[in-house]
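The values are calculated or read from the model by the stated rules, or taken from the named source; none is laboratory data. As the structure is a computational prediction, the values presented were derived from the model and not from experiment. Cβ placement follows ideal geometry from the backbone for every residue including glycine, while neighbour counts extend to all protein chains displayed.
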Amino acid sequence: MNDDPVRKRPSGLGRGLSALLGEAGPEEPIGGGVRTPGVQTIAIAAIRPHPGQPRRRFDEGALDELAKSIGVRGVIQPIVVRPHEGGFQIVAGERRWRAAQRAQLHEIPAIVRDFTEAETLEVALVENIQREDLNAIEEAEAYHRLTVDYGHSQEELAKLVHKSRSHVANLIRLLDLPASVREAVADGRLSMGHARALITASDPVALAEKVMAEGLSVRETERLARAAKPTSARAGKMEYKGSNADVEALERQLGDLLGLNVQIRHGPGGGSVTLNYSTLEQLDMICQRLTGEAI
């Protein structure tokens, strides 16, 4: 019912995920219990999702659209699985697996790897981040789990996902927000920029409700959060790099978008924007964003 499976792994996942996966060999169908490391055709019924997958939310409309596409063209890109309890467990590609089920396919191309629990979470995190599939809370929870359960440092995580250490640290801080505010960030009612501003608010729940009710911008949210603080608590913040509050807000918003440290120098005659990177992968990501290429 489905098209012939893909013969080789596409290169669109990025260097970070490729390094974790290694190079996939030619397709070798499963038979007689033999599990080879290349791209294989596996029965969909033999595959189960991972309960700790970073991505928790799947848009039903987008799944239906993908299912229609898969029904016509088949699964273009293999999912990644690992042997588990007599079958297979998804490491990366749960959305494709769900859509293939909706398209009533019986088999799906997959890359099989013997990953540990920590490696499974690493690969799932990298793939979802490179596809920009995670909301800020899902990404923060994945970072937190890797640091707490598997002993990764924030610096190690930053290198793994090609982001700045401050980006990782700022995301993890979002988990300190009250549950109702985290839920609003997770379902898109509040942006990551809003969430970062709310962390500093004396009453983040009340301010979050005001932001959503009135449709306030990130800059307006930051001003309200600062205004609610005692004067002594705000005195040092106003001296930030000699910048005004709007420039500071723009730096944070661009930093959140790119996962890098961003500096803006603005004056009467113009200014400059500096993007700070520490690896060639981060530089490559900047170039891809600027040129509009797929990451």
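Remarks
- Verdict on I129 being in contact (Cβ under 8 Å) with a residue 24 or more places away in the chain and more than 30 Å from V168 (Cβ to Cβ): no
- Condition met for A62 (modelled with pLDDT under 85, among the aliphatic types (A, V, I, L, M) and closer than 14 Å to R98 by Cα): yes
- For A169, the conditions (1) closer than 21 Å to A249 by Cα; (2) buried (at least 20 other Cβ atoms within 10 Å of the Cβ) are fulfilled apart from (2).
- Selection within segment 253-269: residues that are closer than 25 Å to A158 by Cα, touching a strand residue (DSSP E or B) at 6+ places or on another chain (Cβ under 8 Å) and not in a loop (DSSP other than H, G, I, E, B). The member of this set that is modelled with the lowest pLDDT is L258.
- Segment 72-106: number of residues that are assigned to a helix (DSSP H, G or I), touching a Lys or Arg at 6+ places or on another chain (Cβ under 9 Å) and surrounded by fewer than 17 Cβ atoms within 10 Å (Cβ to Cβ): 1
- Some residue of segment 27-44 being at pLDDT 90 or above, surrounded by 13 or more Cβ atoms within 10 Å (Cβ to Cβ) and outside any strand (DSSP E or B): yes
- Selected residue [at pLDDT 70 or above and among the hydrophobic types (A, V, I, L, M, F, W, C)] from A227, A245: A227
- Verdict on G193 being surrounded by 16 or more Cβ atoms within 10 Å (Cβ to Cβ) and more than 23 Å from H50 (Cβ to Cβ): yes
- Single condition L190 does not satisfy, out of (1) assigned to a helix (DSSP H, G or I); (2) at pLDDT 90 or above: (1)
- Close pairs from segment 182-204: first within 18 Å of G255 (Cα to Cα) and β-branched (V, I, T), partner part of a loop (DSSP other than H, G, I, E, B) and modelled with pLDDT of 90 or more, Cβ under 8 Å, at least 6 apart: V185/L177; V185/S191; I199/L177
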